[in-house]
Amino acid sequence: MPSAEAATVAPHGAVPRLGAIKEKKGMPDLCLAAAGPKLDIIDIRRAAVEINLKAEVFSLFHTRDSPRKLPTLLLYDERGLQLFEKITFLDEYYLTNDEIQVLGSFAADMVKNIPAGAMIIELGSGNLRKVNLLLQALEDAAKDIDYYALDLSQQELERTLAQLPPYKHVRAHGLLGTYDDGRSWLKDPSIASRQKCILSLGSSVGNFDRGDAAAFLKTIADVLGPGDTMLIGLDACDNPASVYHAYNDKEGVTHEFVLNGLRHANRVLGETAFVENDWRVIGEYVCDAEGGRHQAFYSPRRNTTVMGELIRPYERIQIEQSLKYSAAEAEELWKRAGMTEIAQWRHREEYGLHMLVKPKMAFSLIPSVYARTALPSLEDWEGLWAAWDVVTREMLPPEEFLEKPIKLRNACIFYLGHIPTFLDIQLSKTTKEPPTEPAHYTGIFERGIDPDVDNPELCHAHSEIPDEWPPVDEIITYQGRVRARVQSLYAAGIDAIPRHVGRAIWVGFEHEAMHLETLLYMMLQSDRTQPPAHVPVPDFEKLAAKARSERVPNEWFDIPEQEVTIGLDDPEDGTNPNVPYGWDNEKPVRRAKVHAFQAQGRPISNEEYAQYMYNTHTTNVPASWAHASVGEVDGAVESGGANGHENGHTNGLSNGASTLPESFLEDKSVRTVYGLVPLKHALDWPVFGSYDELTGCAAWMGGRIPTVEEAQSVYAHVEAHKKKECEQQLSQRVPAVNGHLCNNGVEISPPATPPATAAASEAASSSSSAEGEEEEEKAKEEKQQPPSRPHLFIDLDGANVGFQHWHPAPVTGRGHRLAGQADMGGVWEWTSSVLRRWAGFEAMPLYPAYTADFFDGKHNVVLGGSWSTHPRIAGRRSFVNWYQRNYPYAWVGARLVRDVE
C-alpha cells in the first residue's frame, strides 16, 4: 500500500481547488476511525479507490502535447491546508469573505427555494463558517431537512458533523464515498423520489476549464429529477487588481502556500527534484477570448534540471487556476449543464450564489425517476408538453406550419392538431365522455399518412386532408383544453385513475413522445428550422477535434449463446395500477434461444459511411446529409487537419490523415437543428440512414446488421455485465477527496459491508468456483423471466437520448466497450428482422391499427432510441419501433455483427 504522500492524487490535468478541502484546518488522517454513536455516517463506497499521485506528477510534467503542469492537489498536504486556512482570513481574499457576506444577508431568502422534507447534499464536508449560516436559516424557517456531507474521509466527516450545533429540524448525515459513489446513491429509488438541493460553495467550479465545469455540473444534474435544485457559489469579479491581490497578498502567504506544493512534490517523488530556492511563484490575472481567470505558475530562476529535463527561466509550470464568470458566461455555464437559474444573490458584483433548478423538460435518464410509476405522472406530462412547445412554438417558424419538409407526410400543422385530437379520442373512448370542442377535429386530425415509399399512392386509411387547415391559434387553444382534460383526470391523484382510463392516458403520452421525434426529423429537412433557444449552439469544430483525439478501435465482442426474454406481461383487462403498460407488439412474452456470434462495440460512423461511398462510387448521400459547400453552411468554421480512417474497407478509424480526399468532404454537410454542420466536423458521429443504405455499407465492411433476437442478446449481455464492469474499473467521472475533485484519490480500505452488487460481481468473475456457477445460473434464470417494472426499464445514464444533446454524439471513442440498448450515440438501431405477425399477437382494442397495419413485409424492426426519444421509450426493454427499409429520413443507425467461425 502506498504511503499517504504517494497516494493522494490529482485528476488528469489541473485539479480544482474546491471550497470544502480549501477551508479545513488540517489534512485528515487517512485511517478510518469508528464513527461516534450519535453520528450518522453512511458508507456508500462501491469499491476501494487507489491511484498514485506520483504517476500523475510524471504524466503532467513530461507532457509533449501541451504546456507542463503539476497536480493542484500537491498544494493540499497538511501544511498547505494550514496555510490556506490562513489565506481565507486575509482581507485580500474576497472569495470566502464575500460568500459569508452573501449567506449572512440572504440565507433566509435562499431557503425559501428548498421545500420542507428535502435533502441537501454538500459536495465535500464543508466549511462550518459558511454552511451553518444556511442550516441555521432552515432551522429558523422550521423546515425539516436532511443535510448530507459527501466526503471520502470518515475522520473529516466525523469532525464536521460533531461540530455542528444541535438542531431541531435539521438532521445531519455523512456520506462516505466519492462523487461517483454519490451519484450512484442519488439514483436509488428511495432517494430519487425526494426533493434535493446540491450544494457547492467556494466557487469550486471555477477551478475547471469552462467546458469541464459544465460537464461536471451536468454529471450531477443528470441524476436529479425535475424541480431538484443546485446552490452554486461562483466568482464574478472582473477587477484585475482585486483578483490579482486575492492570490498575491502583501504578506506573501499565498506564494508560500504555492511553494509548499514543491516540497510536497519532493516527498511524493522521494527525492529533491525541485530545489526550492531555484523557483519562484508567478501569479497573473488574464482576461482574453476565453474569459477572465487567475493562474499560478512555478518558474525557475535559472536553468535547472528536473526529472531529467532542462527547464529554462522563461518556462512556466501551471499549478492552479481560478476562473471568473461574467453574467453571460454564467448563463452559458448553466445552460450547458442542463440547469435553469431561478435566483441569485450577490455581494456587490464580485461574488454570487446561484440557485439553479432542473427544468421540466430535462428528462432524467434514471429509471427510478423517468419510470417511477407505471402511468406517466402529471409532472411527466408537463415535461413532455414543455418539449413539444419548444419544438412547435420556438423552433417551427409560423410560415413553416403549412409546409411539407418531407413530401411523403402531412404538413407540419397536421401534427399540431393530431397530438391533442388523438389523445382526446382515446380519453373519450375510455371515460365515455364527449369529445373536446371543436368535435369536428376528429375528422381531420385522427390519423396521419404513412405512404409506401416506392408507390406513395399506396397508403393505409387516414383522416381526410382538408382544403384549408384550421388557424394555428385555434388549434393551440384546443390543445390547451385537452391538456386541461388530462390534468383533471389527475386531480384526485394518480392512484385514483382506473387502469382502463390509465391505458388511454399512457397511449396518448407515448404517442405524443413518438410524434415529437417524427416532427423533428421532418423539420431537419427544412432550412427554416430554428435552433432551441434555451440550448447554446455547440462548437462543432472543437467537439470534432476532441472526438478525433479520443478515437479507439471498434472492437469485436463475443456474445455467448443464450436464451433471451422479449416482451412484457400487460393483460388488457388487468386492474393492477403497478403493472407496466405495453403496446400490442410488446406482447405476449416470448423467449428465444440465440446462437453465439460477435458484435462490434459501436455503430457505423459518418466517416465509415463516407469511406463506403467513396470506395464504391456511391453518389447519393443519406437524407441526414446534404450537399453544401462550406460557404453555404451556417456558421461553418474551417478546421486544421482531416479526420482519419484506415485504408480499404476494414472497420476502424485512425488518428492520422484521412484517406478521403478533401474534395470529397468539402461539399457535404450533416443536417442538425442548428443548421448544416460540415461533414468533416461530424465524422465521428453515428451515421443514420435507411436500412437499404446501411446494410450495403455493413456488407462492404465485412459484417451484417443483427436480427431482433441478436440485438436483444447484445443488450442482455451488456446489462448482465454492467455491475461487474462498474466494480472492476475505476470511475471515469469525478470522485471527491474531501471535496476535492480528482480521478485519483487516497487509498482506503474497501467498504466494511460491500454492496450486494459488488459481491455478485466478484462471484460472477470467478466462474470456476461454485459460487460463480450459482450466480451464472441465477442470472440465466432471471433472463428467462418476464421483467417486472423495476427491471423493465434500464439505467440510461450516459446515453444520448431524451434531449441530453440536440444532435448525435461522437461514438468513435467508445469502440472498446459494447454499446447496449439506446447507447448508439443518439440514433436507433436497425435490425434485419422484418416486422411480422407472431404467435399470440393480438391487436390492442384501444388502437387496433397501431401495429397490424404494418405487417406488409416492407418494414423492419428498430430498437433503442435517438437523441430525442423519451426515456420511457428508449429505456423500456420491450419497446419495438419500425420503419420501411428504404425510408431515408428516420434517425436510425446500425452496428455490425458476424457469425462465429
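The values are calculated or read from the model by the stated rules, or taken from the named source; none is laboratory data. Because the structure is predicted, anything quoted here is derived from the model rather than measured. A quick note on method: Cβ atoms are made from the backbone with ideal geometry, for glycine too, and the neighbour counts reach across all protein chains shown.
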*asked:* Between ILE282, ILE317, which is crowded, with 18+ Cβ neighbours inside 10 Å, among the β-branched types (Val, Ile, Thr) and touching a strand residue (DSSP E or B) at 6+ places or on another chain (Cβ under 7 Å)?
replied: ILE317
_Hits in the range 488-497 (condition: surrounded by 12 or more Cβ atoms within 10 Å (Cβ to Cβ) and under 20 Å from PRO420 (Cα atoms))_ = LEU489, TYR490, ILE497
*Scan the range 876-901 residue by residue and report those that are β-branched (Val, Ile, Thr) and either at pLDDT below 95 or at positive phi (or both).*
VAL900
*Would you confirm whether any residue within the range 94-108 is touching a strand residue (DSSP E or B) at 6+ places or on another chain (Cβ under 7 Å), assigned to a helix (DSSP H, G or I), at pLDDT below 95 and surrounded by fewer than 19 Cβ atoms within 10 Å (Cβ to Cβ)?*
yes
_Consider the range 69-98. How many of its residues are under 31 Å from the mean Cα position of the chain (by Cα) and either farther than 12 Å from ASN260 by Cβ or among the β-branched types (Val, Ile, Thr) (or both)?_
6
_Of the conditions (1) in contact with a Cys (Cβ under 6 Å, 6 or more places away or on another chain); (2) buried (at least 21 other Cβ atoms within 10 Å of the Cβ), PHE401 satisfies every one except a single condition; which number is it?_
(2)
*So LEU70 clears everything in (1) in contact (Cβ under 8 Å) with a residue 40 or more places away in the chain; (2) over 18 Å from ASN266 (Cα atoms) except one condition, right? Which one?*
(2)
*asked:* I need the full set of residues from the range 347-391 which are among the acidic types (Asp, Glu), surrounded by fewer than 22 Cβ atoms within 10 Å (Cβ to Cβ) and farther than 23 Å from ILE232 by Cβ, in order please.
replied: GLU379, GLU382, ASP389
*When you go through (1) under 23 Å from PHE363 (Cβ atoms); (2) buried (at least 23 other Cβ atoms within 10 Å of the Cβ); (3) of a type outside the set (Gly, Ala, Ser); (4) touching a helix residue (DSSP H, G or I) at 6+ places or on another chain (Cβ under 6 Å) one by one for CYS197, which number turns out not to apply?*
(4)
*Filter result (touching a Gly at 6+ places or on another chain (Cβ under 6 Å) and surrounded by fewer than 23 Cβ atoms within 10 Å (Cβ to Cβ)) within the range 794-814*: ALA809
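Every residue, every condition in (1) touching a Ser or Thr at 6+ places or on another chain (Cβ under 8 Å); (2) of a type in the set (Asp, Glu); (3) not assigned by TED's automatic domain parsing to the domain that holds ARG591, yes or no:
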| site | (1), (2), (3) |
| --- | --- |
| ASP795 | no, yes, no |
| HIS816 | no, no, no |
| ALA843 | yes, no, no |
| PRO848 | no, no, no |
| HIS859 | no, no, no |
| LEU863 | yes, no, no |
| HIS870 | no, no, no |
| TRP891 | yes, no, no |
*asked:* Show the residue pairs meeting these rules: Cβ distance below 9 Å; 6+ apart or different chains; first residue within the range 430-453 and more than 24 Å from HIS500 (Cβ to Cβ); second residue loosely packed, with under 15 Cβ neighbours inside 10 Å and among the polar types (S, T, N, Q).
replied: VAL453/ASN886
